[in-house]
1. If you stretched the chain out fully between S37 and Q17, how much longer would it get, using 0.36 nm times the residue separation minus the C-alpha to C-alpha distance?
2. Once the Cβ-Cβ distance between R156 and K50 is put in as r, and R0 is 35 Å, what FRET efficiency do you end up with, to the nearest 0.05?
3. Along its three principal axes, how long is segment 3-153 when you only count alpha carbons? Whole Å, largest extent first please.
4. Starting from the Cα of R67, step 7 Å along the direction of its Cβ; do the same at T122; then give the gap between the two resulting points in nm.
5. Which whole-number percent is the relative contact order of the chain (Cα, under 8 Å, 6+ apart)?
6. Take the residue pairs K35/K121; K68/K119; K89/K132; K52/K150 and return only those whose Cα atoms are more than 25 Å apart.
7. Taking the Cβ of V108 as the center, what net charge do the other residues with Cβ under 15 Å away carry, scoring Lys and Arg +1 and Asp and Glu -1?
8. Once you mark the trypsin sites (Lys or Arg not before Pro) that are in a DSSP loop and have at most 10 other Cβ atoms within 10 Å, what is the longest gap between them in the chain?
Amino acid sequence: MSMEIYLLTDEAVPTTQAWQVGVDALAFDVRFVDKQSLQAGEVRLRAACKDKPVLMELERTSLARLRKTFPDVAFPDGVACVHALYWNKTLEGGLAAYQAAAAYLGLVKGLMIDTEEGKLKTPDGAIELARKMSAEMPMLEAAMADILAKIVSEPRN
């Protein structure tokens, strides 16, 4: 797992069941497989997105780590909870992570930053980004299928 999003909130979502309520309220595709507490410092999350398995991990981290990773970002002071959300590198994994992160923020109001953009997003911004990714998914899947078809059809030396 090497892709990551950071969630900065003043309260934590307690369980995957509560998190799923937020996901469902936004009509997102991600589904948590296991009912589990999110209170541990590190939680492995089995999920599905677009009927494909996705592995994610939620890990408590520190604001100091984020400030070191993103030195040009003006983070708020006194954030109570900072989590890193990691996921497997698949199209569905990325979509699931962004949808899950947006739903998390929608539940507890906070901020998100990802390693791709390096910019803080509000819950509304995170939800908008997740919806945009959902809308672009069919195009990405088609492009990936074309690439794979070309690779398979190329003669091997």
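Every read-out reported here was derived from the displayed coordinates using simple, explicitly stated rules and does not represent laboratory data. Just so it is clear, the structure is predicted and the values come from calculations on it, not from any experiment. A quick note on method: Cβ atoms are made from the backbone with ideal geometry, for glycine too, and the neighbour counts reach across all protein chains shown.
1. Details: separation 20, 0.36 × 20 = 7.20 nm, distance 0.85 nm.
Extending this stretch completely gives an extra 6.3 nm.
2. Numbers: r = 31 Å, r/R0 = 0.89.
Using R0 = 35 Å, I get an efficiency of 0.65.
3. Extents along the principal axes, in whole Å: 55, 36, 25.
4. With each label placed 7 Å out from Cα toward Cβ, I get 2.5 nm.
5. Details: 271 pairs, mean separation 44.4, N = 157.
Over the chain, the number comes to 28 percent.
6. Numbers: K35/K121 28 Å; K68/K119 14 Å; K89/K132 19 Å; K52/K150 23 Å.
With Cα atoms farther than 25 Å apart: K35/K121.
7. Values: positive: R60, K109, K121; negative: D10, E11, D124.
Taking every Cβ under 15 Å from that of V108, the sum is 0.
8. Longest site-free region, per DSSP loop and neighbour criteria: 90-155.
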